Each structure stands twice: as C-alpha cells, then as structure tokens.
Amino acid sequence: MIVEGIARVFGDDINGDVACKRTRDTVFNFDPQFLASRCMVGYDPDFPKRAKAGDIIVAGQNFGTGHMHPEFYYSLTAFGIGAVIAESISWRFLREAVNAGLPVIQYEGIRSIIAEGDRVRIDLSSGTVENLTNRKRVSSHPLPPDLIELIQAGGLIPYLKQQKGKGVFYEEKAGKS
C-alpha cells in the first residue's frame with residue numbers, strides 16, 4: 001500500500017484534545033464535515049483551509065498524547081489525512097488511529113529529512129519513506145499485511161464486516177452463523 005501526499009509538519013507533544021479543540025460543545029459530535037473543520041486547528045488554525053485530503057502529517061516526539069478521545073483521530077480521517085508519521089507516537093493513539101483506518105508510522109529523526117510542503121511517498125508494505133522533493137529515503141519497519149488490510153478496509157469495523165462476509169469467523173465456518 002502506497003500513500004503519497006504533501007507534508008504538513010508539526011512539532012513535539014501533539015495533544016489530541018488540543019489538536020481538534022475539544023470542548024464540551026464538541027464532545028461526541030461525529031459529523032464528518034464538522035470533524036474535518038476541526039482537524040489540527042489547535043496547532044494551526046488555518047490547517048483545514050491550507051491542507052488537502054491526502055496530505056501527510058509529519059511530527060516530532062510524543063504524537064497523540066493526552067486523553068484518547070475519538071474526535072481527534074476521527075478528525076484526521078474525516079479530513080482525509082493520508083498518514084501520520086512521527087518520531088514517537090502514543091501507543092493509544094496508534095491503536096485507535098489504525099482502528100479508524102489511518103496509517104501511522106513511527107520513525108526516529110523523520111523531521112530531519114522532511115520539511116513543510118515536501119512531497120512524500122510512504123510504502124507501508126516495505127516500510128520505505130521517501131521525500132520526493134529532496135530525494136532522501138529512509139526505511140522503517142513495514143506494517144504487517146493484516147494491518148495493511150485493516151487500513152485498506154477503512155478501519156476495524158469495516159474490516160470485520162468484510163471478514164464476516166468471507167465466512168472467516170469460527171461460527172460461520174462451523175455452520176453456526
């Protein structure tokens with residue numbers, strides 16, 4: 001699976017509640033258009049106006065800190081962010097974002113080879129990250145094929161529905177569906 005887009009670079013300690021400006025008025029509002037309008041506005045108020053679907057967020061240490069409220073990772077998927085690649089990532093954000101269908105990669109030192117506005121290509125199957133603007137290329141750990149399949153399906157729920165349709169679950173194989 002290849003993801004290609006323009007780099008949108010952020011710093012360290014990106015907190016999910018701050019990123020989507022979560023308030024009492026926005027709690028549990030899962031309207032995709034609303035969520036897309038909140039994408040990263042806590043760190044860049046103009047982000048929804050200047051970024052485009054398919055862009056790749058590149059960040060520093062500790063991406064996705066704070067409470068793991070779903071509005072944050074759903075704002076990224078509603079906006080159409082192609083992937084997140086950061087120097088270090090909260091394990092809770094990683095788990096929830098992938099379950100929402102968002103590719104997430106950790107690579108120490110990524111900000112040293114990618115700048116704001118660079119065109120980036122990520123091959124999730126090989127773990128290769130290539131800056132198409134400056135031709136720098138690094139290798140990370142490839143994502144497991146099952147995880148890529150889950151992301152391609154659009155997240156955990158669509159993936160499970162696909163698997164059920166294929167008769168993958170034990171009960172269906174045993175004729176107990």
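The values are calculated or read from the model by the stated rules, or taken from the named source; none is laboratory data. Just so we're clear, the structure is a prediction, and the values are computed from it rather than from any experiment. Cβ placement follows ideal geometry from the backbone for every residue including glycine, while neighbour counts extend to all protein chains displayed.
The helices (runs of 4 or more DSSP H) falling completely within the stretch 7-92 include none with 3 or more residues that are β-branched (V, I, T). Taken over the stretch 154-165, the criterion of being without any contact (Cβ under 8 Å) to a residue 60 or more places away in the chain and under 18 Å from P70 (Cβ atoms) is satisfied by G154, L156, I157, P158, Y159, L160. Set side by side, the residues A59, A36, A53, A7 differ, and just one is crowded, with 20+ Cβ neighbours inside 10 Å, small (G, A, S) and free of Cβ contacts under 8 Å to residues at least 60 places away in the same chain, which is A59. Just one of the listed residues (R95, R111) is of a type outside the set (S, T, Y), within 18 Å of V3 (Cα to Cα), in the same structural domain as T23 (by TED's automatic domain parsing) and in a helix (DSSP H, G or I), and it is R111.
What residue, among those in the stretch 124-150 that are within 14 Å of the chain's Cα centre (by Cα) and outside any loop (DSSP other than H, G, I, E, B), is farthest from A86 (Cα to Cα)? Top of the filtered list is L150. Annotation note: Cβ proximity below 6 Å between a residue of the stretch 63-91 that is modelled with pLDDT of 95 or more and a residue that is of a type in the set (D, E) (sequence gap 6+ or interchain) occurs for E87/E108.
Here is a check on your reading of the model: is D31 charged (D, E, K, R) and either in contact with a Leu (Cβ under 6 Å, 6 or more places away or on another chain) or at pLDDT below 95 (or both)? It is true that D31 is charged (D, E, K, R) and either in contact with a Leu (Cβ under 6 Å, 6 or more places away or on another chain) or at pLDDT below 95 (or both).
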